[in-house]
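In what follows, a structure is listed as structure tokens, so that the remarks can point back to it.
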Amino acid sequence: MADSAPVKSGTTVKEVRRALTREEALEHIAGTDRRPLLVLRECARCNKTDDALLQPGVDNEKVAFLSRWFRCVRLPIDVVQPDHPFHALFTSDDAEHLFVITADGENKAALESDTSRTQLCAAMSSVLAASYVKDPTALYKNLHVFGDQLDSLDTEVRDLERKRADEMESRTPSKKRLAKIEHDLAATKQKIDAKLADIAKTSKIDLKPADDAEKRGG
């Protein structure tokens, strides 16, 4: 965000940027999104270790899962400069490299580039519990089971499709066998649709009402 007063520099005109208050900065990066924030500060010295915490992969599976309930924001290297609009979110050049915070700014957990996944997940879970009517962390194991079930059903679909192709390519395709395969294939796909609907329903968790957040902060 820039100040309205321009400053001339040679033949060009540059706008003066100014640091916002902490409340203004939070409001700006959150916008109308009431989800908690996960904020990552880029750093030239960290060799992308902060990025590694948030990248897809086996080690980061739970982090990626929990991040879907956050508004994730990446801020540039110069955010630690005193005149940067979001400087108030950090305190110095040695400021935390990432943090999670409730939308109202009342609950913040500062983290570093060498933070373990366990620490990061614990911090994320704490902020999620303060923000949502139900902590999404509890869903992680349940959705893992759903995922395994979907994998199994997907394998069934592929096997049935292969059987159908083999039957159709045979010299004398059996209408009876094809009908049975088509029936089983349709039934399996229905199971997949039902399972996806269950996942969507289970994953839908409401944010706490704004007045509850105000009471928490007060």
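The values are calculated or read from the model by the stated rules, or taken from the named source; none is laboratory data. Keep in mind the model is a prediction, meaning the values are calculated, not measured. Quick reminder, even Gly has a Cβ in these numbers, built from the backbone with ideal geometry, and neighbours come from all protein chains shown. SASA here: full protein model, heavy atoms, side chains in, ligands and nucleic acids out. Shrake-Rupley method; radii C 1.70, N 1.55, O 1.52, S 1.80 Å.
One table, with the values for the structure above:
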quantity: The range 199-216, subset more than 14 Å from L128 (Cβ to Cβ) and open to solvent by less than 70 Å² (accessible area, probe 1.4 Å), residue modelled with the lowest pLDDT; calculated: D212
quantity: Yes/no for L120 being out of contact with any Lys or Arg (no Cβ under 8 Å at 6 or more places or on another chain), in contact (Cβ under 8 Å) with a residue 12 or more places away in the chain and within 30 Å of I192 (Cα to Cα); calculated: no
quantity: Criterion: at pLDDT 85 or above, closer than 17 Å to E23 by Cα and open to solvent by less than 50 Å² (accessible area, probe 1.4 Å) - qualifying residue of T137, T102; calculated: T102
quantity: Neighbours by Cβ (under 6 Å, 6+ apart or cross-chain): first from the range 123-150, part of a helix (DSSP H, G or I); second acidic (D, E); calculated: L128/D135; A129/D135
quantity: Residue check, V16 at pLDDT 90 or above and assigned to a strand (DSSP E or B); calculated: no
quantity: Test result for L120, out of contact with any Phe, Trp or Tyr (no Cβ under 9 Å at 6 or more places or on another chain), at pLDDT 85 or above, open to solvent by less than 10 Å² (accessible area, probe 1.4 Å) and not polar (S, T, N, Q); calculated: yes
quantity: Any hit, the range 95-103, residues being β-branched (V, I, T) and without any contact (Cβ under 8 Å) to a residue 60 or more places away in the chain; calculated: no
quantity: Tally, over the range 66-82, of residues that are touching a residue at least 60 places away in the same chain (Cβ under 8 Å) and surrounded by 14 or more Cβ atoms within 10 Å (Cβ to Cβ); calculated: 2
quantity: Among (1) without any contact (Cβ under 8 Å) to a residue 12 or more places away in the chain; (2) surrounded by 11 or more Cβ atoms within 10 Å (Cβ to Cβ) - the single one K191 does not satisfy; calculated: (1)
